[in-house]
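Asks: Before we start, here is the structure in question, set down as structure tokens.
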Amino acid sequence: MTKIKPQITNDIAETLFITLFMRSEETKHPKAIIQDPKACELVDCIDYDFSKFRKGKWSCIGTSIRVRHFDNMVAQFIKNKSRPVVVLVGCGLDTRYHRVPNNTKAVFYELDLPEVIKLREKFLPPETNQEYISASMLETGWMDMLKAKHPEGDFIFIIEGVLMYFPEDQVKTVISNLAQYFPGSEIHFDAMSPWASKQSHRHDTVKHVNADFRWGLKAPKDVERWATNIKHRQTFYYMNQEKGRWGMKGTILGMIPRIKKSACLLHYDVLK
């Protein structure tokens with residue numbers, strides 16, 4: 001098979017290969033948390049040095065827990081809403097559309113930088129109810145477009161593995177813009193603590209790329225101060241899940257509050 005070399009120049013965008021490889025590796029695990037055969041296919045046909053991520057055991061577990069969680073959130077949203085619009089911000093080579101059941105009931109939008117969208121179009125051509133948006137999440141033109149196309153739509157925004165690479169002022173901008181443009185929506189994203197955000201050089205996979213963590217969230221309720229209509233609903237901690245997979249070392253470290261609460265999955269409602 002002739003592999004295709006991806007043309008990705010943005011350092012943060014390169015992290016998409018971490019999550020892609022982790023999903024592929026997890027799919028092959030005998031006690032797999034997720035199944036993502038599409039990810040396996042993509043890894044096989046992309047000319048990239050994935051081998052540098054092979055020792056990322058904890059990244060594999062964490063990524064898989066996160067993927068399963070957001071898949072479940074999207075599936076539940078599609079089931080419960082009459083006009084579901086799913087927006088994946090900073091989508092990379094995510095294959096959520098292919099994993100989530102009942103996907104044809106919703107409209108899916110996947111947003112990322114132009115070079116990433118070009119890569120998606122090559123490897124994952126959009127289905128009839130999928131549309132790719134070539135833009136920065138910091139812009140608002142795409143928000144105007146979505147509001148105009150779906151004035152009565154029920155929106156869910158998933159921002160996965162993205163925000164920790166940006167400074168807090170830019171994270172605030174993204175979230176507050178979503179709250180302003182889409183009252184009645186749901187916003188889901190993952191975050192790490194300020195302590196964890198200083199550990200890029202120790203992270204088992206991120207240390208192998210040129211991107212660094214730049215933002216950490218002190219408390220989930222802090223986000224409510226970014227807009228008057230944002231309400232925190234739920235927080236899920238990685239270390240509380242799949243305890244058998246973290247191993248003895250992970251179990252012991254998970255008893256330390258700073259470690260246990262170093263990374264989480266968050267759900268916010270945007271009030272009308």
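Asks: Just to be sure before I move on: is ALA191 within 30 Å of GLU14 (Cβ to Cβ), in contact with a Cys (Cβ under 9 Å, 6 or more places away or on another chain), in contact (Cβ under 8 Å) with a residue 40 or more places away in the chain and of a type in the set (A, V, I, L, M) in the structure I sent?
Replies: yes
Asks: Do we find a residue being of a type in the set (Asp, Glu), at pLDDT 95 or above and closer than 26 Å to LYS272 by Cα anywhere in segment 108-127?
Replies: Yes, segment 108-127 contains a residue that is of a type in the set (Asp, Glu), at pLDDT 95 or above and closer than 26 Å to LYS272 by Cα.
Asks: Now a separate question. Considering only residues of segment 203-249 that are in contact with a helix residue (DSSP H, G or I) (Cβ under 7 Å, 6 or more places away or on another chain), in contact (Cβ under 8 Å) with a residue 60 or more places away in the chain and not in a loop (DSSP other than H, G, I, E, B), which is surrounded by the most Cβ atoms within 10 Å (Cβ to Cβ)?
Replies: Taking the candidates together, the pick is TYR238.
Asks: Looking at segment 86-104, can you tell me whether even one residue there is surrounded by 14 or more Cβ atoms within 10 Å (Cβ to Cβ), part of a loop (DSSP other than H, G, I, E, B) and aliphatic (A, V, I, L, M)?
Replies: yes
Asks: Within segment 44-67, is even one residue surrounded by fewer than 17 Cβ atoms within 10 Å (Cβ to Cβ), modelled with pLDDT under 95, hydroxyl-bearing (Ser, Thr, Tyr) and more than 16 Å from the chain's Cα centre (by Cα)?
Replies: Within segment 44-67 (the criterion being surrounded by fewer than 17 Cβ atoms within 10 Å (Cβ to Cβ), modelled with pLDDT under 95, hydroxyl-bearing (Ser, Thr, Tyr) and more than 16 Å from the chain's Cα centre (by Cα)), the answer is no, since none of the residues qualifies.
Asks: In this structure, does GLY141 turn out to be without any contact (Cβ under 8 Å) to a residue 12 or more places away in the chain and farther than 25 Å from GLN7 by Cα?
Replies: In short, yes.
Asks: Follow-up. Answer with yes or no whether VAL74 is among the aliphatic types (A, V, I, L, M) and within 22 Å of ALA191 (Cβ to Cβ).
Replies: Yes, satisfied.
Asks: Any chance segment 187-195 includes a residue that's closer than 25 Å to GLY56 by Cα, more than 15 Å from the chain's Cα centre (by Cα) and not hydroxyl-bearing (Ser, Thr, Tyr)?
Replies: Yes, segment 187-195 contains at least one residue that is closer than 25 Å to GLY56 by Cα, more than 15 Å from the chain's Cα centre (by Cα) and not hydroxyl-bearing (Ser, Thr, Tyr).
Asks: Which of (1) of a type outside the set (S, T, N, Q); (2) surrounded by 15 or more Cβ atoms within 10 Å (Cβ to Cβ); (3) part of a helix (DSSP H, G or I) is the odd one out, the single condition PHE155 does not satisfy?
Replies: Going through the list (1) of a type outside the set (S, T, N, Q); (2) surrounded by 15 or more Cβ atoms within 10 Å (Cβ to Cβ); (3) part of a helix (DSSP H, G or I), PHE155 breaks only (3).
Asks: Taking segment 42-78 on its own, how many of its residues are free of Cβ contacts under 8 Å to residues at least 60 places away in the same chain and closer than 14 Å to PHE108 by Cα?
Replies: Residues flagged as free of Cβ contacts under 8 Å to residues at least 60 places away in the same chain and closer than 14 Å to PHE108 by Cα within segment 42-78 amount to 3.
Asks: Now, a different point. Answer yes or no: is there a residue in segment 113-128 that is under 15 Å from the mean Cα position of the chain (by Cα) and either part of a loop (DSSP other than H, G, I, E, B) or acidic (Asp, Glu) (or both).
Replies: Checked against the condition, which is being under 15 Å from the mean Cα position of the chain (by Cα) and either part of a loop (DSSP other than H, G, I, E, B) or acidic (Asp, Glu) (or both), segment 113-128 yields at least one hit.
The values are calculated or read from the model by the stated rules, or taken from the named source; none is laboratory data. A quick note: this is a predicted structure, and the numbers were derived from the prediction, not measured. Neighbour counts run over all protein chains shown; Cβ positions are idealised from the backbone, glycine included.
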